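Okay, structure first, notes after.
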Amino acid sequence: MEELFHKPAKKDWENELRRSGVLNANSFSEYSDLRAFSPSKKLASRISHYWILRWNIPEDITYKPTEVLGAPLVNIFFTLSESFLYGLSPKTIEYDAKNFETMAGVTFLPGGFHPYWKKPMHTLPKGKIQLTDIIPAATSKFCQNLLTISDDFLLATEIDKFFLNIPVEDSSHGQLVQSIFRKIDSDRSLRTVASVSTAFNISERTLQHIFREEVGTSVKWIIMRVRLLEAVKESFSQDKPNWAEIAYQYDYSNQAHFITDFRRVFGISPQKYREINQE
């Protein structure tokens, strides 16, 4: 394994948080320390990274981070009292942070959790799910032992060992799904399901079926999310963003449609997203 990132300069840190969908970047950075590590090679086809969050909150203060915007992937959380996951959800994830605590977790690649769920991903419940319902070994005792490890690299290594001991096989479409994600993310010409279908020489019907079964959402939703993130990134380069102009720039016929889609995917308006990140 290798370390992916440790706090860079403030500006770069906030940009990284925004890109990954974390809100309240200023406050988050002030009270916490976040590190991320790559998985071992055997798990790299399913897992994006492990992350470890340690916070130091002043006494008598409860901090309520709001993070992880709607994304087409699964996140697992290990706390001192429980392990849980969030499936595909358009809502933000919130929790209370007090005193000196540690939380660790796993971010899967798109489609990467499918081998563990072992059922069509569109059947995975939305929102918070107890991890023991899917992986019984992820008990509260395991969480407590895990989070007593003070060295971040060793902690991430223990999470890696935990998943190496779970006997699952990669999906036959896993690599294809991730290739499609990367292509949509990097190629602005792919803005319709038909264009993706043509680029990968796969029928639209087959493409939609694969994504519904292994990712849990539609290709159209993935395309829309990428386009919206590009748009909101553009807004941060402007002192007073012209949302109508930005909407048109990103292929929306009007501002209202753009705002409606943004709310549907991320749970808040683009202006609210901007205001939170400027707190």
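The numbers here are math on the coordinates, done by the rules we state, and not lab data. Just so it is clear, the model here is predicted, and its values are computed rather than measured. Don't worry about glycine lacking a Cβ; one is built from the backbone with ideal geometry, like all the others, and counts go over all protein chains shown.
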May I ask you to compute the full-extension gain from Phe200 to Thr157, defined as 0.36 nm times their residue separation minus their alpha-carbon distance, rounded to one decimal in nm?
-> 11.9 nm
Quick one: net charge around Phe84, please, counting Lys, Arg +1 and Asp, Glu -1 for every other residue with C-beta under 10 Å from its C-beta.
-> -1
What's the local net charge at Tyr250, with K and R +1, D and E -1, over the other residues with C-beta under 14 Å away?
-> 0
For Ser81 and Leu164, what is the calculated FRET efficiency with R₀ set at 22 Å and r taken between the beta-carbons, to the nearest 0.05?
-> 0.30
Neighbours of Ser45 by Cβ distance under 13 Å: Lys/Arg at +1, Asp/Glu at -1, summed charge 0
Rounded FRET efficiency, nearest 0.05, which uses the C-beta distance separating Lys220 from Ser189 and R0 of 22 Å = 0.90
Nitroxide proxy distance, nm - points 7 Å out along Cα→Cβ at Asp33 and Ser150 = 1.1 nm
Once both labels are modelled 7 Å past Cα along the beta-carbon direction, what's the Asp239-Ala137 spacing in nm?
-> 5.7 nm
